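In what follows, a single structure is set out as structure tokens and then discussed.
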Amino acid sequence: MTQEGNDFATQQADQNATVALICAIVGIFLCGIVLEPVAIYLARKSKAVLGQGHPSYGKANAAEILGWIMVALWVVGLCLALCGVAMIPVFSGSSGSW
């Protein structure tokens, strides 16, 4: 790869790291189920191009970690919501056995 192509790839990865971090932070408050996987994808893509010594590697790493934490929280929340919906007939007294 030429130096110009390498610089472009590094610049693109730097921008992707910034966008990934923005998606991860905004995903905490809005549309997390959509934005967090996007943040993880962009962060991994950036980390593949950037080396550990690059300043934007930390942004990409933070975006990936935050994205995974929020995805885990979404999964737990959905499981709790589904369990809560499944328990409504049990606690509503509709069975008549109470």
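Listed by first and then second residue, the pairs linking a residue in the range 20-41 that is touching a residue at least 40 places away in the same chain (Cβ under 8 Å) to a residue that is assigned to a helix (DSSP H, G or I) and acidic (Asp, Glu), with Cβ atoms under 7 Å apart and 6 or more places separating them unless they lie on different chains, are ALA24/GLU36; GLY27/GLU36.
Scanning the range 32-56 for residues that are in a helix (DSSP H, G or I), surrounded by fewer than 19 Cβ atoms within 10 Å (Cβ to Cβ) and not basic (Lys, Arg) turns up ILE33, VAL34, PRO37, VAL38, TYR41, ALA48, PRO55. Flag: PHE8 does not match the condition of being modelled with pLDDT of 85 or more, exposed (fewer than 11 other Cβ atoms within 10 Å of the Cβ) and not hydroxyl-bearing (Ser, Thr, Tyr).
For the range 57-66, the condition holds for at least one residue, the condition being that it is surrounded by fewer than 15 Cβ atoms within 10 Å (Cβ to Cβ), without any contact (Cβ under 8 Å) to a residue 24 or more places away in the chain, out of contact with any Ser or Thr (no Cβ under 8 Å at 6 or more places or on another chain) and assigned to a helix (DSSP H, G or I). For ALA24, state whether it is under 24 Å from GLY77 (Cα atoms), crowded, with 17+ Cβ neighbours inside 10 Å, under 13 Å from the mean Cα position of the chain (by Cα) and of a type in the set (Gly, Ala, Ser). Against the criterion (under 24 Å from GLY77 (Cα atoms), crowded, with 17+ Cβ neighbours inside 10 Å, under 13 Å from the mean Cα position of the chain (by Cα) and of a type in the set (Gly, Ala, Ser)), ALA24 qualifies.
The values are calculated or read from the model by the stated rules, or taken from the named source; none is laboratory data. This structure is a prediction, so every number in the text was calculated from the model and none was measured. Glycine gets a Cβ as well: all are built from the backbone with ideal geometry, and neighbour counts include every protein chain shown.
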